[in-house]
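Trainee: Supplied in structure tokens, the structure appears directly below.
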Amino acid sequence: MVNAISTPDQNTLKVAVVVPTYNESETLPQLIEKVVAQGIDGLGFIVVDDGSPDGTGAIADGLADEFTGVFIVLHREGKQGLGTAYMAGFQTALDAGAQNIVEMDADLSHPPEVLPGLIAELDEADVAVASRYTPGGGVDPGWSWARKQISYWGNVGIRLILGLEVKDATAGFKAFRRTTLERIGLDRLRLSGFGFQAEVAYRCEQTGLKVVEHPYVFMERTAGKSKMSFGIVVEAFFRLSWLRIRR
Ligand SMILES: Nc1nc2c(ncn2[C@@H]2O[C@H](COP(=O)(O)OP(=O)(O)OP(=O)(O)O)[C@@H](O)[C@H]2O)c(=O)[nH]1
Ligand SMILES: [Mg+2]
């Protein structure tokens, strides 16, 4: 693993935005630019790239060189899944001294404009979940009725399986206090894809942390390809059921 680190300064990393990437060369530069434009104090980035064949890793290194704060790029060999990418990114953020950690996708589905409000929720909460299913939230108006139903009921099903209170159990746009990531036990997380997101939500609730939801509208990716697969859905169903049964 090779890391590109530009001017690390542990004392100024108030918010580390962790972004996993696999073939997101078109959207990653736009995402970084839009996040920077939010004017967040003490902002830094951790990009976790799995040897993207489209060169996203090299693009991330270039962005790190241009950025004046902490910008760490983890280069992993080959696609190893979203869950382990986040675990590596979160641990790196903690090691870099981040006070708060945000997770978001590289494909612009998670609007950067939401970040200041989401992060502000951490004044009161341990975890702030950017939520499609809280008043003011929603999904891309371009989605068909059927797509909306699949997404909505899939989310309801996962909430039932895990007994979750959080209304948006599967979206990967969340902000955590560093103490939250220290307490939920990163090395115990097992799932990938959206199952990982539900597992994190479950751990937070089981640990008794204060979880709040902050509305946002999920936007369909307009570039690159989805990494969602049938295997991820099957894994989520069986492993999340097992998590609940074991308790
Ligand atoms: N490093 C790494 N990143 C990944 C991997 N799989 C997905 N990602 C990234 O994780 C984020 C979410 O993946 P998406 O393909 O957008 O998954 P999704 O949002 O559930 O599906 P769509 O709604 O169809 O986009 C994106 O930034 C991906 O590039 C992986 O195996 N390794
Ligand atoms: Mg996506």
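Trainee: Past the 25 angstrom mark, what percentage of all C-alpha to C-alpha distances in the stretch 3-246 do you count? Provide the component values of the computation, followed by the final result.
Mentor: Numbers: 11044 of 29646 pairs.
In whole percent, the long-distance tail amounts to 37.
Trainee: For the chain, what is the percent of antiparallel DSSP beta bridges, rounded to the nearest 5? All intermediate terms of the calculation are to be shown ahead of the outcome.
Mentor: Values: 11 of 34 bridges.
Antiparallel bridges make up about 30 percent of those DSSP assigns within the chain.
Trainee: Report Rg(Cα)/(2.2 N^0.38 Å) for the stretch 16-81, keeping two decimals. Don't skip to the answer; put the middle values down first.
Mentor: On the way: Rg = 11.3 Å, N = 66, 2.2 N^0.38 = 10.8 Å.
This ratio for the stretch 16-81 stands at 1.04.
Trainee: Taking Rh as the Kirkwood radius computed over C-alpha pairs, what is the Stokes-Einstein D of the stretch 56-109 at 37 °C in a medium of viscosity 0.692 mPa s, expressed in µm² per second?
Mentor: On the way: Rh = 12.5 Å.
Translational D for this selection: 263 µm²/s.
Trainee: On to the next question. Of Lys34/Lys167; Lys167/Lys210; Lys34/Lys174; Lys34/Lys79; Lys14/Lys174, which pairs sit farther than 24 Å apart, going by alpha carbon to alpha carbon? Walk me through the numbers before you get to the answer.
Mentor: Working: Lys34/Lys167 27 Å; Lys167/Lys210 14 Å; Lys34/Lys174 17 Å; Lys34/Lys79 26 Å; Lys14/Lys174 15 Å.
Correct reply: Lys34/Lys167; Lys34/Lys79.
Trainee: Using a 7 Å offset from the Cα along the Cα-to-Cβ direction at both Glu182 and Gln99, what is the distance between the two label points in nm, to one decimal?
Mentor: 1.4
Trainee: Sticking with this one: Enumerate the helices in the chain for which the Kyte-Doolittle hydropathy averages -1.0 or more and the C-alpha atoms extend at least 18 Å along the helix's axis, using complete DSSP H runs.
Mentor: Values: long enough: 82-95 (20 Å, 0.51); 145-162 (26 Å, 0.14); 193-206 (20 Å, -0.34); 230-246 (24 Å, 0.95).
Qualifying helices: 82-95, 145-162, 193-206, 230-246.
Trainee: Report the net charge of residues surrounding Trp143, where surrounding means a beta-carbon distance below 13 angstrom and charges are Lys +1, Arg +1, Asp -1, Glu -1.
Mentor: That works out to +2.
Trainee: Relative to the present Cα-Cα distance, how much length would full extension add between Ala37 and Ile245 at 0.36 nm per residue of separation?
Mentor: On the way: separation 208, 0.36 × 208 = 74.88 nm, distance 4.47 nm.
Stretched fully, the Ala37-Ile245 segment lengthens by 70.4 nm.
Trainee: So what is the relative contact order for the chain, in percent, with contacts set as C-alpha pairs under 8 Å and at least six apart? Provide the component values of the computation, followed by the final result.
Mentor: On the way: 489 pairs, mean separation 58.1, N = 247.
Once divided by the residue count of the chain, the mean separation gives 24 percent.
Bear in mind these aren't lab numbers, they're just calculated from the coordinates by the rules spelled out. Just so we're clear, the structure is a prediction, and the values are computed from it rather than from any experiment. In this analysis, Cβ positions are derived from the backbone assuming ideal geometry, glycine residues included, and neighbour counts consider all displayed protein chains.
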